[in-house]
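Encoded as structure tokens, the structure appears first; notes follow it.
Quick note: the coordinates plus some simple rules give every number you see, no bench work behind them. Please read all numbers here as calculations on a predicted model, not as lab measurements. Cβ: placed from backbone, ideal geometry, glycine included. Neighbour counts: every protein chain shown.
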Amino acid sequence: MSKAPGKTARPRPAAPERAAGAPKQYYTLADIAAKAEVHATTVSLALRDHPSIPPATRARIRAVAKEFGYQRDPLLDALNFHRAQRHPHARRASTAFVVHAGTTRLFSGNHYQPLVYAGAKAAAEAHGHSLEIFVVGQGHLAPARLNTILTARGVTGVLLSTFEIDIEQLDLDWNQFCAVKIECLHLAPNLDAVSNDQLQVARLAMRRLRALGYRRIGLATAREDQTRLGESFGMGVLVEQASLPENECVPPLIFSLAEVPILHRLIPEWMRANHVDVIISNWNELFDVFATAHIKLPDDVAFALLDVPPSMPHIAGVVQNHRLVGQRAMEQLAIMTDSYQRGVPEAQSVTYIPGYWQDGVTAPKKLRSGVAALEAL
Amino acid sequence: MKDPLEAAAQGAPARRPTLKDVARETGFHITTISLALRGHSSIPVHTREKIEAVAQQIGYQRNPVFHALSRFRQQGRVRAPAPRIAYVENYGAGSGIVRQPHLQVMLEGAERQAELLGYQLEVLAVGEDDHDTRSLSHHLRDNHITGVVLAAFQPGFAEVALNWDDYAVAKIHSRHAEPNVTVVANDQLREVRMAFRQLTALGYQRIGLAVGRADEDTSGHRHAAGYLMELASIPPERQVPPLFFPYNTNGEMLGGMIARWVKRHQADVVLCNWISIRGIIEGAGLRVPQDVACACLCLCDPMPAGLAGVRPHLHLVGARAVSIVVTQLKSGQLGPAEVPSSIYVQSTWQDGSSAPRRA
């Protein structure tokens with residue numbers, strides 16, 4: 001075998017011309033391979049910009065392809081896709097699902113992570129990928145070690161799941177990988193990302209609660225969550241409030257994680273000062289706070305969660321499509337790995353998945369006497 | 001339509017029913033099925049009806065890509081002409097209106113991506129002097145086009161009502177228009193927030209946002225959302241209420257409106273998504289940047305010299321929309337998805353002499 005760059009396999013002669021003189025109507029990979037003196041598989045990889053082919057060779061092959069007017073045939077492409085789907089084990093590109101060790105607050109006893117993973121896993125199988133979990137951070141893999149493992153195993157696809165805001169970047173050799181982030185928009189580098197549409201979630205909650213008769217809707221969330229989610233909850237509330245009368249605009253209660261132990265004091269104070277008739281929050285821990293503060297739901301105040309877990313089908317609020325987030329992230333990654341789009345993109349694009357409303361006992365339909373209720377406080 | 005959530009829950013890829021499945025269900029030979037579903041006269045009518053009913057029941061749908069492939073094989077050629085994706089616009093091309101530069105950038109990005117994936121983009125216009133719903137659906141049917149990009153439909157102009165279940169569709173902007181499918185856009189919300197922060201860092205105190213109601217409607221009010229969020233973090237005395245100007249405002253009207261609004265609220269910089277913003281302000285008798293500075297939210301080539309603002313990557317917006325349609329065509333998922341998502345491509349800031357650093 002030749003050691004010259006690009007000559008990884010012996011070139012084959014082109015198929016003999018059928019009729020001398022008749023110009024060929026179309027050219028195949030084999031024609032380009034013969035002319036460029038490389039194997040057809042090298043041409044295939046080169047035209048898809050595979051990093052295993054040296055850039056100079058890629059350029060040379062592309063030039064030949066252009067000269068011949070070669071074009072990828074989308075019909076054959078589609079056929080291949082279809083055939084690959086029917087034989088899911090024929091090709092198992094391996095994909096890493098990377099989570100951070102320090103995200104326990106978000107995941108402890110929680111519904112979120114398993115759902116995202118399940119969605120990604122299902123999509124991975126549909127596209128003939130296998131999905132494997134890697135944990136980075138304190139007590140687990142260091143980024144450099146992860147990089148080594150992924151390279152050694154030939155893993156090219158990386159899904160990054162939620163990372164805490166104090167982790168600002170993950171140092172992998174990104175040019176080697178196709179990668180999509182899930183939720184962690186703050187994490188450098190600016191890879192394409194898939195996220196729940198928290199802005200839509202907050203707007204939907206505001207609208208549904210208003211339709212149920214509530215007029216003093218108050219958002220309570222942590223400052224850390226606001227930062228992590230690009231202030232989407234607060235923004236959704238503000239956008240809705242912009243088209244509401246002034247006497248319906250409740251200033252949000254944004255608390256810091258350090259204030260969590262005194263929430264049982266902060267929340268009643270804020271409720272009283274602003275005549276809140278329903279609280280919306282992404283914190284299901286608030287149930288404990290209500291119990292401590294002797295607040296009865298929904299008599300004293302109604303309550304809707306911005307992220308209702310599947311284990312609470314009786315609670316009012318917005319259900320987020322975590323499973324679909326995982327699925328869409330994996331689908332996008334599959335397209336990227338198929339077309340070898342590695343590294344950090346020219347401009348980041350973010351895909352947002354909407355949530356849907358669920359009625360529940362914590363926010364029953366309110367009788368149209370909002371004014372009377374206000375005065376009773 | 002298959003529920004994507006349900007398909008995922010079963011943990012197995014949803015397999016599309018094939019002719020073979022219809023054959024097994026009905027007991028006819030596969031070739032009979034094929035002929036019957038194409039309405040071939042050699043198959044008795046009642047047999048055809050029976051087969052069609054079963055096909056519908058088990059959810060058989062012809063995959064347009066394979067259909068085209070086998071058609072061309074039968075005709076003795078291996079390579080078919082590139083299948084087409086329709087890129088539908090409604091700005092009124094037939095009435096002689098010229099495509100605006102930012103729409104041109106989007107289109108070029110879509111064309112490049114389509115070519116890269118082996119498709120050909122066919123630009124189609126709807127409007128009073130162009131296609132209506134009827135002629136458009138005929139054209140698509142006659143040319144076996146099932147992939148459609150609705151490209152930056154403008155409110156107040158013609159709309160279409162195709163039988164969306166038969167098409168793979170993605171929209172660029174066009175939030176006001178049917179159907180409810182995946183939307184690809186530049187991220188107006190973050191663009192406004194980024195511009196606001198950049199201008200604040202340059203020393204501006206009273207930043208005014210001027211955006212057309214038409215653009216607000218196509219973007220789902222994302223300019224306003226970003227602006228409101230930024231206003232919430234500054235003291236009330238520095239807040240300038242946004243100017244949302246009506247549909248069909250021309251440059252001269254807008255100039256007057258902006259000049260009065262700048263004066264009333266003492267704005268020191270105008271943030272607008274029109275690329276002609278500097279000329280419009282100067283046309284109303286204000287000097288830029290001496291009387292008021294300005295920045296554009298949608299910079300694209302050909303760019304007025306020295307204009308500061310946000311540069312969206314509109315070619316990527318066009319490209320992503322085509323990718324979404326191709327992905328659906330490839331896997332044969334026609335019709336709107338159960339849960340349509342939104343895809344926003346991020347933008348970058350660019351300094352310019354229209355908004356210099358303030359002393």
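From least to most packed, judged by other beta carbons within 10 angstrom and beginning with the fewest, B:R320, A:R272 follow the order A:R272, B:R320. Taking 51 Å as R0, compute the FRET efficiency from the Cβ-Cβ separation of B:R62 and A:D300 and round it to 0.05. For B:R62 and A:D300, the calculated efficiency is 0.30.
Based on C-alpha pairs under 8 angstrom that are at least 6 apart in sequence, chain B has a relative contact order of 19 percent. Applying 1/(1 + (r/R0)^6) with R0 = 30 Å to the Cβ-Cβ distance of A:E132 and B:T348 gives a FRET efficiency near 0.30. Between B:A161 and B:Q100, the FRET efficiency estimated from the beta carbon spacing at R0 = 25 angstrom works out to 0.50. Taking every Cα-Cα distance in the range B:189-238 and sorting them into 5 Å bins starting at zero, the pair-distance distribution P(r) comes out as 5, 21, 31, 25, 12, 7, 1 percent. Computed across the protein assembly as shown, the Kirkwood radius stands at 28.6 Å (inverse of mean 1/r, all Cα pairs). As a rough footprinting exposure proxy, the listed residues B:W274, B:W349 were ranked by other beta carbons within 10 Å of their own, and the order from fewest upward is B:W349, B:W274.
Seen from all directions on average, the range A:270-312 presents a Cα convex hull projection of 3.1 nm².
Beyond 20 Å, the tail of the calculated P(r) for the range B:188-311 holds 36 percent of the Cα pairs. The distance between label points at A:V361 and B:D301 comes to 6.4 nm (points 7 Å beyond Cα on the Cα→Cβ vector). In this rough spin-label picture, where each label sits 7 Å from Cα along the Cβ direction, the B:E108-A:D173 distance is 3.6 nm.
Over the Cα atoms of chain B, what is the Rg over Rh ratio if Rh follows Kirkwood?
Over the Cα atoms of chain B, Rg/Rh equals 1.09.
Looking at the range A:130-239, the GluC sites (Glu not before Pro) that sit in a DSSP loop and have at most 12 other Cβ atoms within 10 Å of their own Cβ are A:E168. As a proxy for reagent exposure, A:I53, B:I207 were ordered by neighbouring Cβ count within 10 angstrom, fewest first; the result is A:I53, B:I207.
For the segment B:217-227, counting C-beta atoms of other chains within 10 Å of every residue's C-beta and taking the mean gives 3.
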